[in-house]
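Chemist: One structure follows; several queries about it will come next.
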Amino acid sequence: MNDKFEELIESYITHKVGISDHFLSGALAGLLQAHIARLNKDGNMKPAGTGNDQLLQHDRSVRSDKIHWIDKKSKQQDELGFLDYIEDFIDYLNRTCYTGINAYEFHYALYETGAGYQKHVDQFRSNDNRKFTCISYLNDNWTEADGGALWVYHDDEIQKILPTNRKTVFFNSSELPHEVRIAHRSRMSVTGWLKRV
Ligand code: OGA
Ligand code: MN
């Protein structure tokens, strides 16, 4: 486990966007995929907004994914496995990098065909408690032709990341503008923020 954590942190330190290709186990990724499919079938994946609290907006030309927030009190075995893993990662990060993370929030995300998310930064203007963004992708056999790449805007280049199954990306929530290019097939992920509150 620690080698996955180390890989993600090491690549974050070196490249600003940490990437670990097999951060999630195949078994856990499979459970989470099935969970999103079930939430969607039951009408529990809801259009996402942008901004927070009073500033929350729903503009499908800016952002058109559907999300479902993970409830930490959930008794779902698949979710508990995921949250335990994230909590272990946070402990490791705090121990090795003194990051002082003391809270987190995660949601499932589903981009159906034609959905995307325009260039943005994750930290809210009115609240800086989101410190790191952590996204795990759940898409078997994703290719460039499927669209839906994560584009990260660095000073001198655009980094293009395919949302392939079990891959996790990790970056600073206040620094790096990024966007989700239009997906040409359903694109699933579990996305969240490590916070200091
Ligand atoms: C987000 C986001 C990127 C992705 O949800 O804020 O930028 O690749 N997601 O899903
Ligand atoms: Mn984002």
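Chemist: Beyond 18 Å between alpha-carbons counts as too far, so tell me which of Lys75/Lys131; Lys167/Lys195; Lys16/Lys72; Lys119/Lys160; Lys16/Lys160 fall in that bin.
Modeler: Lys75/Lys131; Lys167/Lys195; Lys16/Lys72
Chemist: Would you be so kind as to identify which of Trp142, Gln76, Leu24 lies farthest towards the positive end of the dipole of region 2-195, taking Lys and Arg as +1 and Asp and Glu as -1 on Cβ and the Cα centre as origin?
Modeler: It is Gln76, whose Cα lies furthest towards the positive end.
Chemist: Would you please state which residues of region 88-102 a label at Ile13 would reach in this model, taking the label point 7 Å out along Cα→Cβ and a backbone N cut-off of under 12 Å?
Modeler: From region 88-102, the list is 93, 96-98.
Chemist: May I pose another question? Just to verify a number: FRET efficiency for Tyr153 and His184, C-beta to C-beta distance, R0 = 25 Å, to 0.05?
Modeler: Step by step, r from the Cβ atoms, then E = 0.70.
Chemist: Further, regarding this structure: Do you know the relative contact order of the chain, to the nearest whole percent, from alpha carbon pairs under 8 angstrom that are 6+ apart?
Modeler: Numbers: 405 pairs, mean separation 55.6, N = 197.
For the chain, the relative contact order is 28 percent.
Chemist: Same structure, new question: Just to be sure I understand: if I project the alpha-carbon convex hull of region 21-65 onto a plane and average over all orientations, what area do I get in nm²? If you can, show how the numbers build up before the last one.
Modeler: Values: hull surface 19.1 nm².
About 4.8 nm², averaged over all directions.
Chemist: Same structure, new question: Give the residues of region 144-176 whose amide nitrogen is closer than 17 Å to a point set 7 Å from the Cα of Ser61 in the direction of its Cβ.
Modeler: It comes to no residues whatsoever.
Chemist: Per residue and in cubic angstrom, what volume does the convex hull of the Cα atoms of the chain have?
Modeler: It comes to 122 Å³ per residue, whole-number rounded.
Chemist: A further question follows. Among Thr168, Thr113, which comes first, then next, by fewest other beta-carbon atoms within 10 Å?
Modeler: Thr113, Thr168
Chemist: Let me ask something additional. Taking 7 Å along the Cα-to-C-beta vector as the label spot, tell me the Arg125-Leu80 distance in nanometres, rounded to one decimal.
Modeler: Roughly 4.3 nm, to one decimal.
Chemist: Label Asn141 and Arg95 with points 7 Å out from Cα along Cα→Cβ: what is the distance between them in nm?
Modeler: 4.0
Chemist: Also: Among Phe124, Tyr108, Ile90, flag the residue with its Cα farthest along the positive direction of the charge dipole of region 64-162, charges on Cβ as +1 for Lys/Arg and -1 for Asp/Glu.
Modeler: Ranked along the dipole, the leading option is Phe124.
None of the figures in this text is laboratory data; all of them are computed from the coordinates on show. Since this is a predicted model, take the numbers as computed values, not measurements. So basically every Cβ, Gly included, is an ideal-geometry build from the backbone, and we count neighbours across all protein chains shown.
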